[in-house]
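Peer 1: One structure, pasted below without further comment.
The values are calculated or read from the model by the stated rules, or taken from the named source; none is laboratory data. Because the structure is predicted, anything quoted here is derived from the model rather than measured. Cβ sites come from the backbone with ideal geometry, for glycine too, and all protein chains shown count toward neighbours.
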Amino acid sequence: MICAVSVSPSLAWGGSDDVSWGSPVDGVQISLSRTDPQSSGLQLAFRNVGDHDVNLNLGSMLANGQVQLPDRIMIEVRDVTGNERQFRFQDPTHPGVAGRLDDYIVPLRVGSTYTLALALQQFWCPETKEFGIPWAAGENRLTVTYTGAGSRLTNPDAAVRTTFWLGKATSNTLVIAK
């Protein structure tokens, strides 16, 4: 389950840039870090280092926004042997939809950061049919890719008329040793 979401100025990271970030793409950067070395929690942050505000479509929302599913996020995992797998966000507590879906829109002002708390159990590998990101013995390397998209879940009563960021951004590589 998504534990926490916050919007804060980029200075909340401590004045110095002590967090690792991927390269900026059209003003958007992504950072992946662990919330605690002993847990399966991850923190994913998006920041706007550009010169204009942007809108991100992170995925879909259920129940009029009460459940937010950032299903446009993909994590590539590479273990010590070079084996690579791609995991997509797919929260197992919400396996299907029996009602309304809306776009998960995040407005990201210049200089702002949007942070998601995620868990390894919220990711699915379609190739191997496994839920949760397992650790292999040795170093595991995780990199997030986010591909921007326009509005794709339009409802007549909530038509979105905005411009979306349409780039493809990659986070730093997080190394986790088991």
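Peer 1: Is one or more of the residues making up segment 77-88 touching a residue at least 40 places away in the same chain (Cβ under 8 Å), under 15 Å from GLN121 (Cβ atoms) and more than 12 Å from the chain's Cα centre (by Cα)?
Peer 2: Yes, there is a match, as at least one residue in segment 77-88 is touching a residue at least 40 places away in the same chain (Cβ under 8 Å), under 15 Å from GLN121 (Cβ atoms) and more than 12 Å from the chain's Cα centre (by Cα).
Peer 1: Considering (1) of a type outside the set (Phe, Trp, Tyr); (2) assigned to a strand (DSSP E or B); (3) modelled with pLDDT of 90 or more, say which one VAL7 fails and leave the rest.
Peer 2: Single failed check for VAL7: (3).
Peer 1: Among the residues of segment 54-101, how many are surrounded by 17 or more Cβ atoms within 10 Å (Cβ to Cβ) and at positive phi?
Peer 2: Result for segment 54-101: 1.
Peer 1: Out of curiosity, is TYR104 surrounded by 15 or more Cβ atoms within 10 Å (Cβ to Cβ) and in contact with a Phe, Trp or Tyr (Cβ under 7 Å, 6 or more places away or on another chain)?
Peer 2: no
Peer 1: Does GLN68 satisfy the criteria of being more than 15 Å from GLY148 (Cα to Cα), among the polar types (S, T, N, Q) and assigned to a strand (DSSP E or B)?
Peer 2: yes
Peer 1: Taking segment 28-48 on its own, how many of its residues are in contact (Cβ under 8 Å) with a residue 60 or more places away in the chain and farther than 16 Å from ILE75 by Cβ?
Peer 2: The total comes to 4.
Peer 1: Kindly list the number of the only condition in (1) surrounded by 12 or more Cβ atoms within 10 Å (Cβ to Cβ); (2) within 24 Å of TRP135 (Cα to Cα); (3) at pLDDT below 75 that fails for LEU32.
Peer 2: For LEU32, the failing item is (3).
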